[in-house]
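Undergrad: Please read through the structure below; I'll follow up with questions.
The values are calculated or read from the model by the stated rules, or taken from the named source; none is laboratory data. The structure displayed is predicted, hence computed values, not measured ones. All Cβ positions, glycine included, derive from the backbone under ideal geometry; neighbour counts span all protein chains shown.
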Amino acid sequence: MMKMLLVSDLHYALPHFDWVLDRASEFDAVVLAGDHLDVSSLVPLESQIVAVRTYIRKIAEVTRVVVCSGNHDLTARNGHDEKHAPWLEGIDHAGVFGDWQSLDTSGARVSVCPWWDGPATRDDVGRKLADDGIGRPARWVWIYHFPPDGVPVSWIGSRHVGDSDLNAWIDAHQPDLVLSGHIHDAPFRDDGSWISKIGSSWVINVGRSAGPIPAHAIIDLAGGTATWWSAHGTDEQTLWPIRQQNQG
């Protein structure tokens, strides 16, 4: 079972990538849950990609890297003529698990989902999750940039802004954990949160906060805990009793 560091929405903040690189060796996996690039930056996307891929490779030299695309990361069109992030689908480095891939370890499976831009790619994601659910181990974790709708992790202060397709997939498959991002302020809003639950599935969105250290969560699958840190405070959640860690 893995101990994971989760960050999301770094948006080409290189000091935050430096912090992740410095801490990476403490974990069995680092999860980068989308929006690594920043389309509003003055730095060309091509240059941003070179820098971010370099960080990913450096992190992979000390631990596994699980990295999915977000809406800022889409740079080309796929065979469906829908936007995608090919630079995250083919990082040729051992220990890097990008869009469409899965990581299996003893007792856990991590499914990496891309940001989909249209119905055909959305349907491909649905098929991937159905396939990955076959023979699922004790713990199943999804990496999916857009949080589900109607829960505190997608609250923007006046309404929920989430992905209802993800809600349907969670209802159908009940993964143990979904690691997301996208809604930067959800953890810091009244009635928002960094963690929510749908059925038996936990969903985490660490949010985005200023300062030298990015908002992040440390997830201990074996210990059944998630600890969240941001410049605004910290919190901890028990995900499941330790006695259940060897079941399934």
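Undergrad: Looking only at residues in the stretch 33-60 that are part of a helix (DSSP H, G or I) and in contact with a Ser or Thr (Cβ under 8 Å, 6 or more places away or on another chain), which one is farthest from residue 108 (Cα to Cα)?
TA: 45
Undergrad: Return a yes/no flag: does the stretch 182-192 have any residue that is touching a Leu at 6+ places or on another chain (Cβ under 9 Å) and under 19 Å from residue 70 (Cβ atoms).
TA: Within the stretch 182-192 (the criterion being touching a Leu at 6+ places or on another chain (Cβ under 9 Å) and under 19 Å from residue 70 (Cβ atoms)), the answer is no, since none of the residues qualifies.
Undergrad: With respect to residue 193, determine if the residue is within 20 Å of residue 73 (Cβ to Cβ) and among the hydroxyl-bearing types (Ser, Thr, Tyr).
TA: Considered against the rule, which asks whether it is within 20 Å of residue 73 (Cβ to Cβ) and among the hydroxyl-bearing types (Ser, Thr, Tyr), residue 193 comes out as no.
Undergrad: Only one residue in 109, 57 is surrounded by fewer than 19 Cβ atoms within 10 Å (Cβ to Cβ) and within 18 Å of the chain's Cα centre (by Cα). Which one?
TA: Being surrounded by fewer than 19 Cβ atoms within 10 Å (Cβ to Cβ) and within 18 Å of the chain's Cα centre (by Cα) holds for just one of 109, 57, which is 57.
Residues checked against (1) surrounded by fewer than 19 Cβ atoms within 10 Å (Cβ to Cβ); (2) touching a helix residue (DSSP H, G or I) at 6+ places or on another chain (Cβ under 7 Å):
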residue	(1), (2)
153	no, yes
160	no, yes
165	yes, yes
168	yes, no
192	no, yes
231	yes, no
240	yes, no
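Undergrad: Could you run through the stretch 61-89 and say how many residues are touching a strand residue (DSSP E or B) at 6+ places or on another chain (Cβ under 7 Å), surrounded by fewer than 18 Cβ atoms within 10 Å (Cβ to Cβ) and not in a helix (DSSP H, G or I)?
TA: 2
Undergrad: Here is a further query. Quick one: would you say residue 153 is touching a Phe, Trp or Tyr at 6+ places or on another chain (Cβ under 9 Å), modelled with pLDDT of 95 or more, part of a helix (DSSP H, G or I) and of a type outside the set (Ser, Thr, Tyr)?
TA: Yes; evaluated as a whole, the condition is true for this residue.
Undergrad: Further question on the same structure: Looking at 204, 198, 213, 219 in this structure, which one is among the aliphatic types (A, V, I, L, M), closer than 26 Å to residue 22 by Cα, surrounded by fewer than 24 Cβ atoms within 10 Å (Cβ to Cβ) and modelled with pLDDT of 95 or more?
TA: Just a single option satisfies the conditions, and that option is 213.
Undergrad: Taking into account only those residues within the stretch 112-140 that are touching a Lys or Arg at 6+ places or on another chain (Cβ under 7 Å) and either more than 21 Å from residue 10 (Cα to Cα) or acidic (Asp, Glu) (or both), which is surrounded by the most Cβ atoms within 10 Å (Cβ to Cβ)?
TA: Of everything passing the filter in the stretch 112-140, 140 is surrounded by the most Cβ atoms within 10 Å (Cβ to Cβ).
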